[in-house]
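Right, one structure below, let's go through it.
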Amino acid sequence: MSGSPENPGARTLAEAARAVAAVVQGRSADEALAAADASPRRSAVRAVALGTMRWYLRLRPAMDALLNRPEALARDIHALLVTAGYQIEYSRDAPALVVNLAVEATRVLGQPRASGLVNAVLRRFVREARTLLAPMDAGSAVGAAHPDWLYEALADAWPGHIDRIVWANNAHPPMVLRLSTRRRSPAEYLGDLAAAGLGGSVLDWTAAEAGSAAVVLDRPAGVGALPGFKEGWVSVQDAGAQLAPRLLGATPGMRVLDACAAPGTKASHLLESASGPLDLTAVDIDRNRLGRVEENLQRLGLSARLVAADVRDPSSFWDGRPFDRILVDAPCSGTGVIRRHPDIKLLRRPTDVAAFARTQLEILRAAFGMLAPGGRLVYSTCSVLPDENEGVVRRFLGEEPQAAPAPMPCGEDLAPGGIARKLGTQLLCGGAAGTDGFYYACVEKTTRGS
Ligand SMILES: C[S@@+](CC[C@H](N)C(=O)[O-])C[C@H]1O[C@@H](n2cnc3c(N)ncnc32)[C@H](O)[C@@H]1O
């Protein structure tokens, strides 16, 4: 092994460890990895960092068992140990090589004095990993690398599905595209993929969706390598997220509100699927994220009115003319998309769920106030926790006399493995369709009580 700090493997480990340390301190993986974006090792750093985040809660206790005072260690060095532990446990690299690279990485991190400790701890980890990890694996939450509270909440909500959910949460997600079938037929696009050296298959159950179909790639690829990406034939979107147009049923000329629109994936799908133009207003509280809606619409050749506002304050942006259709794709815990964002397991706190549920109810109330009588609202989240889903819809229906559940395809009629709830349908990550976890419910405005 060269002792040079220029060793790319050592740099990759060090940059990944920095990102892991930042997430442990409460930053999102996207923010934490932004620093590595310019790195020539960007994809390797991302893979190692996200993999470590995925398994952090299983590996950290094993590593800590080898340290006298883990809390006294510099954060980057602590993260380096867990990151190297991930490489030893989950990569094909020879353990001795990983140990050497981690020792070098202490210099990259500006902490060469930690090299002896890193060397000693990791050598013991290599020798004793099976014994160290056995007690972790005996505890279901730690063995599954989930925080206790989340494991319990998932097991309470989905007792028959918990093993598959945590397995799927820790698996690598498929890359799924939404193909605009008005621009390219599924058969043509599969041919385009093959010509570009990429394989994929069409999910037939999404092809029922007028105007689009989901295509699962055999292997993830950069968007630059996707045929027709720049031309707007395809967007990256999980198949479970591709159900909003079907549920909303917007027809040309309708006034439609996307109440939580950024980055615009569902807004663009609504526009793309309609057989004629929609009068779409896309609202988001986050001005920066709204910029991404603009980029997406431009790439796809679509248009909408974009508004940076808190949808809970309609007076700040609404002209008083009711909307025929409203999509509330609410901010949520993201517990249905953990396989794409493993940092969620490190960032969420048990109290977050109730806080999200409060915000969701407030957003739902405000959005419903802008809905025309006879109009339809779709409420969706990428959460699998009932408190954010049917819990919110139930409370809302209980307090709003003009709101009623609207008919919708439920359970398997919506998607393979869809679970019909008393209100709405839940897709689970790890369910039969292989989608992320999404929840959908439809509410209509009656003239009752008006
Ligand atoms: C789940 S994301 C929406 C994803 C989007 N529908 C898509 O498919 O691309 C939730 C969005 O709600 C926005 N948001 C949160 N609170 C809001 C509020 N009070 N008013 C408007 N937007 C809000 C967030 O900034 C975030 O972009």
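The values are calculated or read from the model by the stated rules, or taken from the named source; none is laboratory data. Since this is a predicted model, take the numbers as computed values, not measurements. Quick reminder, even Gly has a Cβ in these numbers, built from the backbone with ideal geometry, and neighbours come from all protein chains shown. These accessible areas exclude ligands, DNA and RNA; they are computed on the full protein's heavy atoms, side chains included. Shrake-Rupley method; radii C 1.70, N 1.55, O 1.52, S 1.80 Å.
Kindly indicate which of 337, 256 is in contact (Cβ under 8 Å) with a residue 40 or more places away in the chain and within 22 Å of the chain's Cα centre (by Cα).
After applying the criteria, what remains is 337.
If you go through the range 262-291 one residue at a time, how many are open to solvent by 50 Å² or more (accessible area, probe 1.4 Å) and either within 8 Å of the ligand (Cβ to nearest atom) or farther than 23 Å from residue 177 by Cβ (or both)?
Going through the range 262-291 one residue at a time, the tally reaches 7.
State yes or no: is residue 378 of a type in the set (A, V, I, L, M, F, W, C), at pLDDT 95 or above and more than 10 Å from the ligand (Cβ to nearest atom)?
Spelling it out, residue 378 is indeed of a type in the set (A, V, I, L, M, F, W, C), at pLDDT 95 or above and more than 10 Å from the ligand (Cβ to nearest atom).
Take the residues of the range 294-310 that are away from the ligand (no atom under 11 Å from the Cβ) and in a strand (DSSP E or B): which is least open to solvent (accessible area, probe 1.4 Å)?
Checked the range 294-310; the qualifying residue least open to solvent (accessible area, probe 1.4 Å) is 306.
For the range 160-191, give me the residue count where each residue is free of Cβ contacts under 8 Å to residues at least 40 places away in the same chain and farther than 30 Å from residue 52 by Cβ.
Total satisfying the criteria: 8.
Can you give me the ranges of the strands (runs of 3 or more DSSP E) entirely in the range 340-450 with at least 1 residues that are of a type outside the set (A, V, I, L, M, F, W, C) and surrounded by fewer than 23 Cβ atoms within 10 Å (Cβ to Cβ)?
In the range 340-450, the matching strands (runs of 3 or more DSSP E) lie at 371-381, 403-405, 438-445.
If residue 145 satisfies all but one of (1) surrounded by fewer than 18 Cβ atoms within 10 Å (Cβ to Cβ); (2) not in a helix (DSSP H, G or I), what's the number of the condition it fails?
(1)
Suppose we filter the range 180-204 for residues that are touching a strand residue (DSSP E or B) at 6+ places or on another chain (Cβ under 7 Å), under 24 Å from residue 301 (Cα atoms) and of a type in the set (S, T, N, Q); how many remain?
Counting residues in the range 180-204 that are touching a strand residue (DSSP E or B) at 6+ places or on another chain (Cβ under 7 Å), under 24 Å from residue 301 (Cα atoms) and of a type in the set (S, T, N, Q) gives 2.
Filter the range 41-70 down to residues that are under 21 Å from the mean Cα position of the chain (by Cα), under 21 Å from residue 122 (Cα atoms) and surrounded by fewer than 18 Cβ atoms within 10 Å (Cβ to Cβ), then give me how many there are.
1
Residue by residue through the range 311-345, note down the ones that are closer than 30 Å to residue 157 by Cα, more than 10 Å from the ligand (Cβ to nearest atom) and small (Gly, Ala, Ser).
333, 336
Is there a residue being surrounded by 17 or more Cβ atoms within 10 Å (Cβ to Cβ) and at pLDDT below 95 anywhere in the range 33-40?
Yes: one or more hits.
Counting only residues that are open to solvent by 10 Å² or more (accessible area, probe 1.4 Å), give me the strands (runs of 3 or more DSSP E) lying completely in the range 167-252 with at least 1 of them.
By residue number, 200-203, 212-217, 234-236.
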